[in-house]
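Chemist: Have a look at the structure that comes next, please.
The values are calculated or read from the model by the stated rules, or taken from the named source; none is laboratory data. Note that this is a predicted model, so its numbers are computed, not measured. Counting neighbours? That spans all protein chains shown, and the Cβs are built from the backbone with ideal geometry, glycine included.
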Amino acid sequence: MPTATSPVSQETLVEYLLPLIRDKGCHYRKFQRVHARPAVTGEVIVSVTSDGKETTNTASAGDMVVRNLTQAQEKYLVGQTSFPRLYKKLGPVDDSWKLYDPIGEIRAIEISQDLRNMLRVGEEFLIMAPWGTEQLCREGDLFVAPLPDLDKVYRIARSEFEQTYKPVRK
C-alpha cells in the first residue's frame, strides 16, 4: 500500500477498499425521503453535514439537487442518469422542490483505525470523491459503495448515515 497523499485518490479507494466493502461491508437501504429539484448548470452545491462542510460539487446539465431530510438538511448533486435509479417521485413540496422516496441501496464499512492505518491517514483526512472534488472523512464515519455496481467509494458522515439508512435484512 503506497503512502497516502492528501487527498486519497478514488483509484486507491477503489483498489483497496472496494474488496473490503464487498466482503465485510453491510448492506443498507436508504429509508429517509428527500426533497429534490433540477439543478442550474454551473450551480455550486456545498454539502454541509452536522459536523461541518463536507464537500462541494458543480452541477452539470440535467443534474438534480437533493436535500436530505436530516437535522443538517445537507444538499448534494445526483446526475440525471443515476437519479431515476435512486429516487421515485411522490409529489410537490412547493414551487421548487418535490418529494421523493429513496430506492437506492449501498454496502458500507465504518472508517476504523485499522482502515486509517491501511490508508496511512490521520483521524481526519481528505479523499477525492467520485465527482472530482475533495471530501472530508473522519474516523467513525462510513465508506460506502452504491449497489449494484460497487464501482466507486465515498463518505457519509455518521450522524447523517444513521438518520437516512437502515440495514437490509435477508
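Chemist: Filter the range 1-55 for residues that are of a type in the set (S, T, N, Q) and touching a helix residue (DSSP H, G or I) at 6+ places or on another chain (Cβ under 7 Å) and give the result.
Modeler: Let us first name the residues in the range 1-55 that are of a type in the set (S, T, N, Q), namely 3, 5-6, 9-10, 12, 32, 41, 47, 49-50, 55.
Correct list: Gln32, Thr49, Ser50.
Chemist: Working carefully through the options Ile111, Ile106, find the one that is over 23 Å from Gly79 (Cα atoms) and in contact (Cβ under 8 Å) with a residue 24 or more places away in the chain. First the steps, then the outcome.
Modeler: Working: Ile106 fails: over 23 Å from Gly79 (Cα atoms).
Going through Ile111, Ile106 in turn, just one is over 23 Å from Gly79 (Cα atoms) and in contact (Cβ under 8 Å) with a residue 24 or more places away in the chain: Ile111.
Chemist: Please find, among Gln73, Gln80, Gln32, the residue that is of a type outside the set (A, V, I, L, M, F, W, C), under 16 Å from Ile106 (Cα atoms) and surrounded by fewer than 20 Cβ atoms within 10 Å (Cβ to Cβ).
Modeler: Gln32
Chemist: Here is a follow-up. Would you check if Phe161 is closer than 21 Å to Thr58 by Cβ, modelled with pLDDT of 95 or more and of a type outside the set (S, T, N, Q)?
Modeler: no
Chemist: Hey, another quick one. Name the residue that is farthest from Arg29 (Cα to Cα), counting only residues in the range 114-124 that are touching a residue at least 24 places away in the same chain (Cβ under 8 Å) and surrounded by fewer than 20 Cβ atoms within 10 Å (Cβ to Cβ).
Modeler: We begin by selecting, within the range 114-124, every residue touching a residue at least 24 places away in the same chain (Cβ under 8 Å); these are 115, 118-121.
Checking which are surrounded by fewer than 20 Cβ atoms within 10 Å (Cβ to Cβ) leaves us with 115, 118, 120.
On the way: Leu115: 23, Met118: 27, Arg120: 30 Å.
Looking at residues that are touching a residue at least 24 places away in the same chain (Cβ under 8 Å) and surrounded by fewer than 20 Cβ atoms within 10 Å (Cβ to Cβ), I get Arg120.
Chemist: Another one. Here are Phe143, Phe83, Phe125: which of them is touching a Leu at 6+ places or on another chain (Cβ under 6 Å) and not small (Gly, Ala, Ser)?
Modeler: Working: Phe83 fails: touching a Leu at 6+ places or on another chain (Cβ under 6 Å); Phe125 fails: touching a Leu at 6+ places or on another chain (Cβ under 6 Å).
Sole residue among the options that is touching a Leu at 6+ places or on another chain (Cβ under 6 Å) and not small (Gly, Ala, Ser): Phe143.
Chemist: All but one of (1) out of contact with any helix residue (DSSP H, G or I) (no Cβ under 8 Å at 6 or more places or on another chain); (2) modelled with pLDDT of 95 or more hold for Asp141; which doesn't?
Modeler: (1)
Chemist: Select from the range 39-84 the residues that are of a type in the set (Gly, Ala, Ser) and either within 14 Å of the chain's Cα centre (by Cα) or more than 20 Å from Ser96 (Cα to Cα) (or both) and list them in ascending order. Show your work before the answer.
Modeler: First, pick out the residues of the range 39-84 that are of a type in the set (Gly, Ala, Ser): 39, 42, 47, 50, 52, 59-62, 72, 79, 82.
Ser47, Ser50, Gly52, Gly79, Ser82, listed by residue number.
Chemist: Residues being over 18 Å from Leu18 (Cα atoms) and part of a strand (DSSP E or B): count how many of those fall in the range 139-170.
Modeler: 3
Chemist: Would you please name the residue that is nearest to Thr49 (Cα to Cα), looking only at residues in the range 130-157 that are basic (Lys, Arg) and within 11 Å of the chain's Cα centre (by Cα)? Break it down stepwise before answering.
Modeler: Kept after step one, since they are basic (Lys, Arg), are these residues of the range 130-157: 138, 152, 155.
Now restrict to residues that are within 11 Å of the chain's Cα centre (by Cα): 152, 155.
Details: Lys152: 21, Arg155: 11 Å.
Selected residue: Arg155.
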